[in-house]
1. Calculate, in nm to one decimal, what residue 76 and residue 64 gain on full extension: separation in residues at 0.36 nm each, minus their alpha carbon distance.
2. Helix 44-56: angle to the longest alpha-carbon principal axis of the chain, degrees 0 to 90, nearest 10?
3. Just subtract the alpha-carbon distance of residue 91 and residue 33 from 0.36 nm times their residue separation and send over the number in nm, one decimal.
4. Per-residue ellipticity at 222 nm for the chain, helices alone: DSSP H runs ≥ 4 residues times -39500 (n - 2.57), over residue total, nearest 500 deg cm²/dmol?
5. In whole angstrom, note down how far apart the Cα centers of region 26-56 and region 62-93 are.
6. What Rg and what Dmax come out for region 1-94 when only alpha-carbon atoms are used, in angstroms?
């Protein structure tokens with residue numbers, strides 16, 4: 001899938017992947033790919049800047065941890081991030097309903 005198609009949706013995708021457990025950056029990329037059935041191969045150059053931006057916004061909290069002998073930054077969703085995710089999900093439902101109405105109009 002073209003990563004340009006994800007423009008405007010990356011925040012929701014990242015927040016959703018982090019909803020149930022903290023993950024480090026590479027694990028987030030793997031989760032996006034796994035959850036999408038391989039359709040989303042998001043480059044690190046897209047994910048890491050978005051994670052830092054979401055952290056600055058207060059939606060994520062990051063901390064350094066050692067995993068397998070390597071230092072990695074692990075991110076978790078904050079309460080503000082959970083609220084933002086709920087808003088993103090609501091906006092997504094509205095968006096898909098509107099686009100669906102245009103692309104697949106109901107015959108009368």
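Nothing in this text is a laboratory measurement; each read-out follows from the coordinates by a stated rule. These numbers come from a predicted model, not from an experiment.
1. Details: separation 12, 0.36 × 12 = 4.32 nm, distance 1.16 nm.
Full extension of this stretch gives 3.2 nm more.
2. So the helix axis and the longest Cα principal axis differ by about 80 degrees.
3. Numbers: separation 58, 0.36 × 58 = 20.88 nm, distance 2.25 nm.
Extra length available between residue 91 and residue 33 comes to 18.6 nm.
4. Details: 4 runs with 57 residues, N = 108.
Rounded to the nearest 500, it is -17000 deg cm²/dmol.
5. Centre-to-centre (Cα) distance: 11 Å.
6. Rg then Dmax for region 1-94, in Å: 12.9, 44.
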